[in-house]
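The values are calculated or read from the model by the stated rules, or taken from the named source; none is laboratory data. It should be emphasised that the depicted structure is a prediction, and the values quoted were computed from it without experimental measurement. Cβ: placed from backbone, ideal geometry, glycine included. Neighbour counts: every protein chain shown.
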Amino acid sequence: MPKTSNKYLSLVTAAVLSVGAVASSTSFATAFTDGDKAVEYRQQALQLIRENFAFMASMVRGDRDYDGELFEERAQALYHLSYVPWDGFINAGYQHSGNGDALPAVWENWDDFKERSEQLQADAKALAEAAASHDMGDIRPLFMSAARNCQQCHENYRAD
């Protein structure tokens, strides 16, 4: 399991807790009081994922100097965040609140969507473990695999 003790991860933990505050006071996914709260929850969580992914992508592409420690922190954050947004999708009634990008296909093809979310979690874990090596040769293929999974999910389940 990836290590979790660093300053950035503490910030991510605070952000995850903030995202969780959008949900109702219980930890159950069905505890959302309405679709707007579920959409807000998942959008905030996915935005944190996107920001970490974009930062790492800039290093993978060579647009930003590679810093192994910083990349590792972002990969660990991605790993932890990869578990957060899915509760905001569980109830099909949360799809049409008027402010979300999720297509009805999410709920029509729930098993595939769930499998892709689990694949993101597995990809993020593998990336975080590889990032500990600070070797871009180990990191790049795992990053690209995770990026492909994200792109395919967006193509199938997200409105542009």
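Output the qualifying pairs, or none if there are none: Cβ atoms under 8 angstrom, residues six or more apart or on different chains, first residue in the stretch 124-137 and of a type in the set (S, T, Y), second residue crowded, with 16+ Cβ neighbours inside 10 Å and at pLDDT 95 or above.
Listed by first residue and then by second, the contacts come to S133/I139.
Does A102 fit the bill of being buried (at least 17 other Cβ atoms within 10 Å of the Cβ), touching a residue at least 24 places away in the same chain (Cβ under 8 Å) and in contact with an Asp or Glu (Cβ under 8 Å, 6 or more places away or on another chain)?
So A102 fails the test.
Given the options Y79, Y41, name the one that is in contact with a Lys or Arg (Cβ under 7 Å, 6 or more places away or on another chain) and part of a helix (DSSP H, G or I).
Y79
Is there any pair with a first residue in the stretch 46-67 that is buried (at least 16 other Cβ atoms within 10 Å of the Cβ) and a second that is not in a helix (DSSP H, G or I) whose Cβ atoms are under 6 Å apart and which are 6 or more apart or on different chains, and what are they?
Short answer, once both residue conditions are applied: M59/Y66.
With the checklist (1) under 17 Å from the mean Cα position of the chain (by Cα); (2) surrounded by fewer than 19 Cβ atoms within 10 Å (Cβ to Cβ) in hand, flag the one item E73 doesn't pass.
All conditions are met except number (2).
Can you work out which of the residues in the stretch 123-160 that are under 16 Å from the mean Cα position of the chain (by Cα), assigned to a helix (DSSP H, G or I) and among the basic types (K, R) is surrounded by the most Cβ atoms within 10 Å (Cβ to Cβ)?
In this case the residue turns out to be K125.
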